[in-house]
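Some notes on the structure that comes next.
The values are calculated or read from the model by the stated rules, or taken from the named source; none is laboratory data. Only a predicted model underlies this, so the values are computations on that prediction, with no experimental measurement involved. Here the Cβ positions follow ideal geometry from the backbone for every residue, glycine too, while neighbour counts run over all protein chains shown. Only protein heavy atoms, including side chains, enter the accessible area calculation; ligands, DNA and RNA are left aside. Shrake-Rupley method; radii C 1.70, N 1.55, O 1.52, S 1.80 Å.
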Amino acid sequence: MKSALAIGLLAFVFGACGSDKDAEKRIAELESKLEKLESSKPGAATPAQPEEKPEGPLPAFEFAEEEHDFGTINEGDVVEHTFTFTNTGEAPLIIQSAKGSCGCTVPTWPKEPIPVGGTGEIVAKFDSKGKPNIQNKTVTITANTWPKNSTLRIKAMVTPAAKDEAAEGPVK
């Protein structure tokens, strides 16, 4: 089941148009579903119960932007973007984690609680080495909000690096 979903996801990703926002959102949804399937315990007798909204006051993210396009960059460039947010909820905001969709995307986030009305920054750093062509990456934030996960998106068109023929050796 997991491999069929992974194959379907890959087929969808490679067949999707890089500039289509609906396709990008669908890709992110499928990545999330795949991650949930892969992290579930094998042989579990009962399906995971959906989490219920906690009672009481909750914090809330309000991002100035949730997507950033780096435009065209050169393969090997390391670029970063700062996503700013405000806690518009009714309780202090605590970010438990922020994870990039692959090792080339590394987020940093505030480790201290953000008070109601306070602001913070999440920095997404993208290393384009070995990542030519259109790149769409996500940063998934887990916090004490409802829902628990929020997603930020970055994208770039990475111009492939020129091949160094001397380094590749003679052609056979």
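Things to note:
- With all protein chains in place and a 1.4 Å probe, the accessible surface of the range 42-157 carries 51 percent carbon and sulfur.
- Probing with 1.4 Å while keeping every protein chain in the model, the per residue accessible area of the range 42-136 equals 62 Å².
- The label point for Glu29 and the one for Ala64, both projected 7 Å from the Cα toward the Cβ, are 3.0 nm apart.
- The antiparallel fraction among DSSP beta bridges confined to the range 47-172 stands at about 85%.
- Ranking by accessible area, most exposed first, for Ser32, Ser128, Ser150 with a 1.4 Å probe: Ser32, Ser150, Ser128
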